[in-house]
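Note sheet for the following structure.
We did not get these values from a lab; they are worked out from the coordinates using the rules stated. Treat the numbers as computed from the prediction; the structure is a model and nothing was measured. Positions of Cβ are backbone-derived with ideal geometry, glycine not excepted, and every protein chain shown enters the neighbour counts.
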């Protein structure tokens, strides 16, 4: 496996993100909603605290990340450009990793744009930087997990709208596993509760980085990437 | 010498539809081979299997000594592929696109600029190097497609309908380019247009309903399948009288008028193996008309094509096939 094709694909993808209107619409929408939550939280609580705002951002990512990933593979399948890519001497894994890196870079740009909120607080007061940094780490890890699953769904369809809806539904269900786990109880309940995105995020904004949570998110990333690769590869023997 | 491409007993089914039935052929190094057949004959399916885009249902494909299924990456490294109705990244400029393709095709970093510049010159797209692909005309897009197939200088080229969408001048340029690649490169090109293959290829495989129905040089194909000899005659004189005189010559099967102002022009079909040029000349002179032209013509590939692909034993004609 080579790093050059991966980076070339990532660069191409990033270029087309910012060549399209969608990228700016997604970032603008994201900043508008997170900004609203931030100002409400600060004005109502009168506390120099980002914990609630950043937890809200995690939920907003549920809506936003499917928009980041929906086009990644669906568009290439619909337009037919995938034929160029897969008849080139690149492995499916290289294609998947290149696309994943581009979406990850987009996520970082989007999260970096929210740095405005903590910077605003710092200019007026002295918030504890620890929980803010760990919250961002949590957002990044969770965003990476969302993107990886979204990439997999995008490999399954040639329709971007379908990719968005299915990704959102998938993420929401996993997010809500905690609530469902109560219904089942027992072993299944424990498994569902472990898989719930919600449970793994909660500690980050409190300033706690638990290895278990980090491992969970990284496993989801690997899982999604492998599924995406397999889906893309299946074309060769179907 | 080992052939560049070896296809053995290749079959492909899409569900219940059989797109290819037991296709076998070889292509030798430096050859330009044409796939000829109507839309839906199986040309695109065959090419997609050769480049590893589709898996065959059964049969083997060996490219440059490597099996398409076992050593897909090695095969793909050796092939330049122009898909039918190529889709390109519309949000990239021509130059950026070709640099991207060169990178993923494994052109060394230092050589990318030179290679891109070379293929842009070869395919005459330099003047649009900085233009977004989405804004290009059909002709330019097709040539950019050809440029990406050439950018890594592959020994084998698979070109699916390379001149579709080009204007006549561009078609001639593209044919010359493809011809100039022969020798160093092995080329397979497909077309449903006959002059296309007869002008660029030294060997033609005629595909119909998923099977190879003929394989030969374009001239031999013409000779082998010719059911009659044809002579073209141009005479200055009354068309109807000339026609009647020509029809009276023994051995003439049919006289087909080709209307033109002032002169009577005919295609005269004769029995196979006869040469009636002298008799025709004599008949014209006897009538006291001016003989302006007299020459034998081979039957055009178009007509062979019609024979090959529209004549069915049960008299069922003009089958256009299912999918490509």
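Relative contact order for the range B:40-182: what is it in percent, counting Cα pairs under 8 Å that are at least 6 residues apart?
29 percent
Would you tell me the mean number of C-beta atoms belonging to other protein chains that fall within 10 Å of each C-beta in B:68-80, as a whole number?
Mean shielding by partner chains, rounded to a whole number: 2.
Quick one: if you take sqrt(5λ) for each eigenvalue of the C-alpha gyration tensor of the range A:97-174, what semi-axes come out, biggest first, whole angstrom?
31, 12, 11
Between helix A:186-195 and chain A, what is the angle of the helix's C-alpha long axis to the longest principal axis, kept within 0 to 90° and rounded to the nearest 10?
The angle comes out at about 90 degrees.
Which angle between 0 and 90 degrees, to the nearest 10, do you get for helix A:21-45 versus the longest principal axis of chain A when only C-alpha atoms count?
20 degrees
To the nearest whole number, what is the average tally of beta carbon atoms from other chains within 10 Å of the beta carbons of peptide A:7-16?
So the per-residue partner count for this stretch is 3.
Can I get the semi-axes of the range A:7-77's equivalent ellipsoid? Compute them from the C-alpha gyration tensor as square roots of 5 times the eigenvalues, in angstrom, largest first.
The answer is 32, 11, 10 Å, longest axis first.
Using Cα pairs closer than 8 Å and at least 6 residues apart in sequence, work out the relative contact order for the range A:101-176, in percent.
Result for the range A:101-176 is 28 percent.
With runs of 4+ DSSP H residues as the only contributors, calculate the mean residue ellipticity of the protein assembly as shown at 222 nm using -39,500 (n - 2.57) per run, divided by the residue total and rounded to the nearest 500.
Helices in the protein assembly as shown give a 222 nm mean residue ellipticity of -17000 deg cm²/dmol.
Given contacts defined as C-alpha pairs under 8 Å and at least six residues apart, what's the relative contact order of chain B, whole-number percent?
20 percent
Please give the Cα centre distance for the range B:137-158 versus the range A:1-49, rounded to the nearest Å.
36 Å
Within a 10 angstrom radius of each residue's Cβ in B:85-92, how many Cβ atoms of other chains show up on average? Whole number is fine.
5
Which translational diffusion coefficient, to the nearest whole µm²/s, is obtained for the protein assembly as shown from the Stokes-Einstein equation, given a Kirkwood hydrodynamic radius over C-alpha pairs, 25 °C and 0.890 mPa s?
88 µm²/s
Hey, what D do you get for the range B:53-107 in µm²/s if you plug the Kirkwood alpha-carbon radius into Stokes-Einstein at 25 °C and 0.890 mPa s?
In µm²/s, the coefficient rounds to 185.
How big is the shadow of the Cα convex hull of the range A:4-157, averaged over all directions, in nm²?
Answer in nm², one decimal: 9.5.
Given N residues in the range B:1-76, what is Rg(Cα) / (2.2 N^0.38 Å)?
In units of the globular-protein estimate, the range B:1-76 measures up at 1.06.
Determine, for A:181, A:65, the number of other Cβ atoms within 10 Å of each Cβ, and report the residues in order from fewest to most.
Ordered by Cβ neighbours within 10 Å, fewest first: A:181, A:65.
Quick one: give the max-minus-min coordinate of the C-alpha atoms of the range B:116-199 along each principal axis, largest first, in Å.
35, 25, 17
Return, for the Cα atoms of chain B, the radius of gyration and Dmax in Å, separated by a comma.
Reported Rg and Dmax, both Å: 23.9, 76.
Just for the protein assembly as shown, what percent of DSSP beta bridges are antiparallel, to the closest 5?
Percent antiparallel among DSSP bridges in the protein assembly as shown is about 70.
Quick one: check the C-alpha center-to-center distance for the range B:26-86 versus the range A:179-236, whole angstrom.
Computed from Cα coordinates, the inter-centre distance equals 42 Å.
Using only Cα atoms, tell me the angle between helix A:92-113 and the longest principal axis of chain A; keep it within 0 to 90° and round to the nearest 10.
30 degrees
Quick check on packing: order B:285-295, A:53-63, B:176-186 by the mean number of other C-beta atoms within 10 Å, highest mean leading.
Per-residue mean Cβ counts within 10 Å order the peptides as A:53-63, B:176-186, B:285-295.
Please list the radius of gyration and Dmax for the range B:1-40, considering alpha-carbon atoms only, with Å as the unit.
Considering the range B:1-40 through its Cα atoms, Rg and Dmax are 12.7, 38 Å.
Would you mind estimating how fast the range B:55-205 diffuses translationally, via Stokes-Einstein at 10 °C and 1.306 mPa s with the Kirkwood radius over Cα pairs, in µm²/s?
Once the numbers are plugged in, D ends up at 99 µm²/s.
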